[in-house]
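Report on the following structure.
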Amino acid sequence: MVDPGWYMALAGALFLIGALGLLLRRNALVMFMCIELMLNAVNLTLISAGRALNDINGQVAVFFVLVVAAAEVVVGLAIIVAIFRLRASASVDELSELRG
Amino acid sequence: MAEAFIFVLMGLGALAGAVTVVVARNPVYSAIGLLGTLLSVAVLYVAQLAHLVAAVQIIVYAGAVLTLFLFVIMMIGVDEDQSRDETLPYQRWVVGGLAIVIVAFAAGITLFGDFEWVPAATATDPEATNGTVEAIAGPLFTDWVLAFEATALLLTIAAAGAIALAHYRRREA
């Protein structure tokens, strides 16, 4: 059996890559995919921790994260499409509607 | 031994997909990279006996979420020649520094800290975490039933919100 620490390290690397992408990219869609990446890294952590602790509740928690992620994608993509209708661009740099 | 082999293979696949998501110029390639990561992570779930979660991951994430992403990419259109100039001053340096700090912190804890990842890692019982449908449904509909109802409400609100956003028209001023 692979030590849970290795799974945690892999999840940490995935989370870090997702966070870097979120900070460096300017395309709203790609930033969204990076958020999905980070959510997946957390799910992997929950599953390996649950397995190491002999607790099925880790997998139940992943279930809820999945539902929240699905809801987030639905609303987020709807917002991106609505913004695109207004501005014809998916770059977050050009969004300054809320600037005072 | 078999699990170590699967871990290395799928871990590398997940990392390669993740890097593709961040680096690819074309959002379609990013979506394909994300698909690779999602499938690799699903295999890692199976390797850890989380069978139901792996199936849901493939159906919901690789099926529904990624299809939605591709729909929106096709709707918005793929603009290949996106400028990659950084507009915020020092952004790349700050991000790089942050990444180094985080990695050094994690490595420091792992290598030098008096810290166990999980206390009970020595005595795992494969039966206790065998994620069959029955095993997941037990706690889901007893201990977590309130959270389950809350997610039902959340999904309803999200669907209604998405429809409201899709119907949005700019008011004639």
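Would you be so kind as to identify which of A:LEU46, A:ILE56, A:ALA13 lies farthest towards the positive end of the dipole of chain A, taking Lys and Arg as +1 and Asp and Glu as -1 on Cβ and the Cα centre as origin? Looking along the dipole axis, the top candidate is A:ALA13.
With the largest listed first and rounded to whole Å, the semi-axes of the equivalent ellipsoid of the range A:1-74 from the Cα gyration tensor are 25, 16, 5.
Expressed per residue, the C-alpha convex hull volume of the protein assembly as shown stands at 155 Å³.
Take each peptide in B:1-11, A:45-55, count the other Cβ atoms within 10 Å of every residue, and average; sorted highest first, the result is A:45-55, B:1-11.
Here, each number is a calculation from the coordinates, and none is a lab measurement. No experiment lies behind these values; they were computed from the predicted model shown. Every residue, glycine as well, gets a Cβ built from its backbone with ideal geometry; the counts of neighbours run over all protein chains shown.
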